[in-house]
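Have a look at the structure below, then the notes.
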């Protein structure tokens with residue numbers, strides 16, 4: 001079942017007598033005065049909540065909430081993380097009515113075949129934004145899905161300033177970049193404090209060098225979203241993300257400038 005919320009382009013019309021009118025229908029003599037992307041929301045029933053950022057619909061499809069990441073819950077495949085159960089329980093309680101409206105962005109599925117969506121309740125509440133605002137999730141903006149990125153960034157800033165949820169937990173406090181190689185939880189989401197010292201270019205990435213063992217890599221295809229990278233050199237930064245390891249070297253993939261905080 002589909003519920004559509006549509007904002008169409010608006011055109012200005014003027015007839016031979018000089019009378020002006022506006023409509024969402026174009027004509028050979030009309031002028032476009034407002035262009036707004038059409039947005040659709042699709043009504044679905046939630047069968048169950050898988051974890052804090054994934055739900056399963058009645059039709060069996062999995063939906064990954066856009067713009068955020070919640071801590072892992074314990075399973076056969078991974079160790080549980082602080083705050084994971086809190087996020088899942090909140091989402092289960094929030095979706096007790098089971099009716100949701102899904103709004104997709106430019107990329108509708110991830111590499112695992114999950115739907116990617118913003119989830120809204122019947123009263124218009126934006127579930128993704130609330131998870132971040134309550135400190136139950138961290139921001140994770142991945143291009144090309146940039147819708148509501150401003151609102152989600154504001155929600156995270158509010159949670160961080162209030163020190164709610166993960167922002168009050170010892171496990172998620174910032175660590176110095178020098179500590180990263182010896183940090184037992186380095187495979188989880190991290191807050192790394194560092195001052196980039198140089199830039200290095202490869203075929204696909206521009207890398208900000210943090211030290212001889214750690215760098216930040218930014219895909220060239222996403223560079224337009226970032227300020228000039230030279231401006232980060234020598235600045236005190238907090239980098240938020242996951243560090244991947246290759247031998248004795250660590251690299252943090254950053255897809256959106258919201259993951260780099262000036263300190």
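All of the numbers you see were taken from the coordinates with simple rules; none came from a lab. All of these numbers come straight from a predicted model, not from anything done at the bench. For neighbour counting, all protein chains shown are included, and Cβ atoms are generated from backbone atoms with ideal geometry for every residue, glycine included.
How would you classify the stretch 188-238 from its alpha-carbon gyration tensor, with a ≥ b ≥ c the square roots of the eigenvalues: rounded for a/c under 1.5, else prolate if a/b is greater than b/c, otherwise oblate? Since a/c stays below 1.5, the shape of the stretch 188-238 is classed as rounded.
Within the stretch 227-253, what residues put their amide N at less than 20 Å from the label point 7 Å along the Cα-to-Cβ vector of residue 204? In the stretch 227-253, the label zone of residue 204 (backbone N under 20 Å from the point 7 Å along Cα→Cβ) covers 241-253. Based on C-alpha pairs under 8 angstrom that are at least 6 apart in sequence, the chain has a relative contact order of 12 percent. Across the stretch 25-129, the volume of the C-alpha convex hull divided among the residues equals 139 Å³ per residue. With Rh defined as the Kirkwood radius, the inverse of the mean 1/r over Cα pairs, the Rg/Rh of the chain is 1.05.
Pairs of alpha-carbon atoms within less than 8 angstrom and 6+ residues apart define the contacts here; what relative contact order does the stretch 185-263 have, in percent?
For the stretch 185-263, the relative contact order is 35 percent.
Distance from the alpha carbon centroid of the stretch 205-263 to that of the stretch 95-153 works out to 25 angstrom.
Rounded to the nearest whole angstrom, the semi-axes of the ellipsoid equivalent to the stretch 174-262, taken from the Cα gyration tensor as √(5λ), stand at 19, 14, 12, largest first. With a Förster radius of 41 Å applied to the beta-carbon distance between residue 40 and residue 247, the computed FRET efficiency rounds to 0.30. Cβ crowding within 10 Å ranks 15, 123 as 123, 15, fewest other Cβ atoms first.
With angles folded into 0 to 90 degrees, how steeply does helix 149-162 sit against the dominant principal axis of the chain? Use alpha carbons for both and round to 10. Helix 149-162 sits at roughly 50 degrees to that axis.
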